[in-house]
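One structure is given here, and the rest of the page talks about it.
The values are calculated or read from the model by the stated rules, or taken from the named source; none is laboratory data. The structure presented is a predicted model; accordingly, all values stated were derived computationally and were not measured. A quick note on method: Cβ atoms are made from the backbone with ideal geometry, for glycine too, and the neighbour counts reach across all protein chains shown. Heads up: the accessible areas ignore ligands, DNA and RNA and are worked out on the full protein's heavy atoms, side chains in. Shrake-Rupley method; radii C 1.70, N 1.55, O 1.52, S 1.80 Å.
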Number of protein chains: 4
Amino acid sequence: MSDVSDWWRTSIIEMEPGRINLRGHPVQDLIGNVSFAQMIWLMVRGDMPSQAQAALFEAALVSAVDHGPQAPSIAAARMAVTCGLDLNNAMASAVNMLGDVHGGAGQQAVEMYHFVRSHSGDLGAALTDWQAEHGKILPGFGHRFHKPTDPRAPRLMALVREAAAQGVVDGGFADLAEGIQAWVSDQKGRPLAMNIDGATAVIYAELGFDAPLARGLFCLSRSVGILAHAWEQTQQGGRNKGPTPPSYRWTYDKP
Amino acid sequence: MSDVSDWWRTSIIEMEPGRINLRGHPVQDLIGNVSFAQMIWLMVRGDMPSQAQAALFEAALVSAVDHGPQAPSIAAARMAVTCGLDLNNAMASAVNMLGDVHGGAGQQAVEMYHFVRSHSGDLGAALTDWQAEHGKILPGFGHRFHKPTDPRAPRLMALVREAAAQGVVDGGFADLAEGIQAWVSDQKGRPLAMNIDGATAVIYAELGFDAPLARGLFCLSRSVGILAHAWEQTQQGGRNKGPTPPSYRWTYDKP
Amino acid sequence: MSDVSDWWRTSIIEMEPGRINLRGHPVQDLIGNVSFAQMIWLMVRGDMPSQAQAALFEAALVSAVDHGPQAPSIAAARMAVTCGLDLNNAMASAVNMLGDVHGGAGQQAVEMYHFVRSHSGDLGAALTDWQAEHGKILPGFGHRFHKPTDPRAPRLMALVREAAAQGVVDGGFADLAEGIQAWVSDQKGRPLAMNIDGATAVIYAELGFDAPLARGLFCLSRSVGILAHAWEQTQQGGRNKGPTPPSYRWTYDKP
Amino acid sequence: MSDVSDWWRTSIIEMEPGRINLRGHPVQDLIGNVSFAQMIWLMVRGDMPSQAQAALFEAALVSAVDHGPQAPSIAAARMAVTCGLDLNNAMASAVNMLGDVHGGAGQQAVEMYHFVRSHSGDLGAALTDWQAEHGKILPGFGHRFHKPTDPRAPRLMALVREAAAQGVVDGGFADLAEGIQAWVSDQKGRPLAMNIDGATAVIYAELGFDAPLARGLFCLSRSVGILAHAWEQTQQGGRNKGPTPPSYRWTYDKP
């Protein structure tokens, strides 16, 4: 019979009464000595980033914190509060919304970058193959609101270029993403924005994060905006605030 | 009829196509220039912390990231992954668990500190009154596992003392919390640990955070460990891992 | 050391390979022989209801399944689907919303009925005492949309009266709820509706359910509408549908 | 500019003050006249089932309500309650767990049945093709605990046979599922159980439900057990009950 203490196994944390080691570091040595961004890296990857790596990583985390109550996640957080939920439950309701369509584009973009990079053909052939399997929309490119430029992307890309110039990262994924942006704009016949997911995916790919972590890190980052909005709504009050005022309702489609 | 654009109101974010302002700052000015910890503070409070305030705040965020798969939240994240959930859904399942008992002690501790501070009687009278309303357990003090010392608390308290010595914070809540620890240890007749909730509550109270944010910030902090464990479990695989191996099951209580 | 198999204890289910007993009944004896409503009663209470009890209980379950996409829960379910969530995650996001304000009124109404019934004074004195502690809004009475009558309440009350006439229930909570409705309408100077929560609370109280189960059973009932809306939205498609069309946004309040 | 009332469209509910129509039926005509199972069918599909269809449907709903605290969903509900969550939040935490692996097997089984039925080759060829794409595990067949028989499946299959004899359903999916069970048992060289997902999938397929609804209906059904366990744990009390007693913990894997 297997021993129950074997049921969960982890390399993340080791514990005895009075002692907590996180990724091999006594917790008291981390507190006050590493930044929150470094701590995030350490916890999800196991190694400690350099200051320069951490700075680029931190820029990505800072960039994605909020996109307003029009986003389903932020709206959900605010609605939840007016239903009487505490902050943890409101945050959970909102983070749950960050599925394939809302929170998964960063992960898909990292996957696409790796797919294109390892493709035997040229960029156009690779992207055409990608679209054949996944559909026309290229994750990380285009924005229904910010046209023609999502202000977060150029700033993030400039930081990647700086980091590449200093040898912190390679820069290859930045080249690739800009190539994709040019190709898809050419296809569309109009300039298409690289969006927050496309740009943060460049950073996560440059820093060697596995694709699913682009989603997980987006969840961490957006949790900041979610908390801020949930708290603001808590202070505003309101009861059972649905998506629109009661006077608007919805359209009944007679079947 | 109220206009629908009035239905949600926020001072956090202002947006037009191509422009995103967060708390009055163009997002591109924040990216690469503020730390993730500063960004969290800015988003939830509206003002930018000084470097010294941000450092103390960051220590609290770093300290609470994980307490292992014995905690219901971390266990929930790992279980969720083996049920086939993506990282966002696993994180939501886990953060949802951070209710009054699991994630609310920090909030309750801040409330207790304010209650004691504004009480007309002495410390013992104040705490006795607190217990009369809320029960014997003082939030933030005692730990069922770390006896007699939770290694995170002394380190955090030392950082508060440093910050107080530099005039960053007042130090009054640190005095108060140590007074409570002495009082409750005296009542119990054995040394009782100040735990992570008691110590981070000192920091949040010193920095002027409203009590419910102690819970919200704990959720942000613990989300890091939650993500790390969810990702580790994803890599380990496993299907439908319940709390214990199938061989153990549960006890049937004949009614 | 406690044995791990003692960690979870239940009287609900007893299991061996090839055998499942629910509340003492072999599962194969229940399947095809009891209604879903009876099964719900059996599982949460442990005993099997009579046909007449089950019929009244079933009416309450049927009555609360949906109130449209204006309700935060239903809206959350539809939003979740457009974020790429599967039905289980969409349902969870929605049920999570059924907090004190959105899903808790039935529980509060049952508590209020018991409070009034056990109060030493008359109805007005009891309700005045209730309001002093809980605020002016009486849970289960008044509706911001259905004025002056919520069509579900009179039908449910008629069924309670029928059941009382047949000796299935006592009818005392029905008298009490109508007394409350008259009192609060008199206070307001206009007829105030008994709403779905007030009426189902009468049924749950008449049938002897503990107050928190009024919330739990509402969650079960509303889960039906949640599933229906989540599925309809799945078939409609749509991506990242926030609360309002992107053209509407929100109001920025300059701090 | 699109009108905001067009943003959500539904054929499920039509509402005016004092009037609620569900799928074209005034709500007061449904209450007390249709069973909860009929109401579920009506809401998710739009038409009213016959009594015989409803009876078979109801058997499926009854069969899947619980499989004990060893299941991650039920464990999550109980853990949630000990973290201080209300019943709605505990139920949400648990339903969220019913992902592809835990709650999706019914949906996958319906999909597999349709795949096999529309395959041009014989059963073995069809299943071999299925395995080539989806892996060796056939959804709905085999059980890690109930060997060789899951007691729920034979009872459900007998009810399908009765319904087929009465012309309520066709019976073709029942034949097909038993064929699959024989084939996979033959492949394994030992009798393999048809499990709850395989058997309820037969019913849902026979009754013409789309595959994703097999997951959605399982969520509704299991919500009953989830509520029962959450409520039982609420009455038991307990604080922060993790998966195993604190004395057991987990295994630390040195990296």
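With respect to the symmetry axis carrying chain D onto chain A, which residue of chain D exhibits the smallest Cβ distance to that axis, and what is the value in whole Å?
D:89, 3
Work through the residues other than residue D:12 whose Cβ is under 11 Å from its Cβ and net out their charges, Lys, Arg +1 and Asp, Glu -1.
0
Quick one: Karplus J couplings for the stretch B:15-22, per residue in order, coefficients 6.51, -1.76, 1.60, θ = phi - 60°, nearest Hz, x for Gly and Pro?
9, 9, x, x, 9, 10, 10, 10
Which whole-number percent is the relative contact order of chain B (Cα, under 8 Å, 6+ apart)?
For chain B, the relative contact order is 27 percent.
Can you work out ³J(HN,Hα) from phi for every residue in the stretch A:108-119, in order, using Karplus 6.51 cos²θ - 1.76 cosθ + 1.60 and θ = phi - 60°, giving whole Hz and x for Gly and Pro?
These are the phi-based 3J(HN,Hα) values: 5, 5, 4, 4, 5, 4, 5, 4, 5, 4, 8, 7 Hz.
State in Å² the accessible area per residue of the protein assembly as shown; use a 1.4 Å probe, count heavy atoms of protein chains only, and round to the nearest integer.
Per-residue value: 33 Å².
Using protein chains only and a probe of 1.4 angstrom, how many square angstrom of residue D:47 are accessible, to the nearest 10?
Using a 1.4 Å probe on the heavy atoms, I get roughly 70 Å².
At 1.4 Å probe size, put B:248, B:204 in order of accessible surface, largest to smallest.
I get B:248, B:204, largest accessible area first.
Are there any trypsin sites (Lys or Arg not before Pro) in the stretch A:134-192 that are in a DSSP loop and have at most 12 other Cβ atoms within 10 Å? List them by number.
For trypsin sites (Lys or Arg not before Pro) across the stretch A:134-192 that sit outside H, G, I, E and B with at most 12 neighbouring Cβ atoms in 10 Å, the list reads A:136, A:144.
State, in square angstrom and to the nearest 100, the accessible area buried between chains B and D, both chains counted, probe radius 1.4 Å.
Buried area between the two chains comes out at roughly 3300 Å².
Heavy atoms only, probe 1.4 Å: what % of the accessible area of the protein assembly as shown goes to carbon and sulfur, would you let me know?
47 percent
Placing +1 on the Cβ of each Lys and Arg and -1 on the Cβ of each Asp and Glu in the stretch C:105-211, which of C:118, C:146, C:132 has its Cα farthest towards the positive end of the resulting dipole?
C:146
Ranked by accessible surface with a 1.4 Å probe, highest first, in what order do D:6, A:66 come?
Result of the area sort, largest leading: D:6, A:66.
Using the alpha-carbon centroid of each, what span in Å lies between the stretch B:218-254 and the stretch A:99-126?
Cα centroid to Cα centroid, the span is 31 Å.
Ignoring ligands and nucleic acids, what accessible area does residue A:227 show with a 1.4 Å probe (Å², nearest 10)?
In the full protein context, residue A:227 sits at about 0 Å².
Residue B:120: accessible area at probe 1.4 Å, nearest 10 Å²?
Here the residue's solvent-accessible area equals roughly 120 Å².
What net charge do the residues around residue A:75 carry, taking every other residue with its C-beta under 11 Å from that of residue A:75, with Lys and Arg at +1 and Asp and Glu at -1?
Net charge in that neighbourhood comes out at +3.
Any lysines with Cα under 30 Å of the residue D:188 Cα? List them, leaving off those in the same chain fewer than 8 positions away.
Partners within reach: B:241, D:136, D:147.
What are the residues whose amide H is under 5 Å from the amide H of residue A:13, where those residues sit 5 or more places off or on another chain and H is modelled from the backbone?
Correct list: A:23.
For residue A:194, which sequence-distant residues (separation of 5 or more, or a different chain) have an amide H within less than 5 Å of its own amide H, given hydrogens modelled in the peptide plane?
A:142, A:150
With every protein chain kept in the model, how would you rank D:19, C:190 by accessible area, 1.4 Å probe, largest at the top?
The ranking, largest first, comes out as C:190, D:19.
What does the charge count near residue B:108 come to, summing +1 for each Lys or Arg and -1 for each Asp or Glu among other residues with Cβ under 10 Å from its Cβ?
Surrounding charge for residue B:108 is -2.
Mind listing the phi-derived Karplus ³J(HN,Hα) values for the stretch A:182-194, rounded to whole Hz, using 6.51, -1.76 and 1.60 with θ = phi - 60°, and x for any glycine or proline?
For the stretch A:182-194, the Karplus-derived couplings read 5, 5, 6, 5, 5, 4, 7, x, 7, x, 10, 5, 7 Hz, x marking Gly and Pro.
Add -39500 (n - 2.57) for each DSSP H run of 4 or more in chain C, then divide by its residues: what number comes out at 222 nm, to the nearest 500 deg cm²/dmol?
Calculated mean residue ellipticity at 222 nm is -17500 deg cm²/dmol.
Restricting to the protein assembly as shown, compute how many DSSP beta bridges are antiparallel as a %, nearest 5.
80 percent
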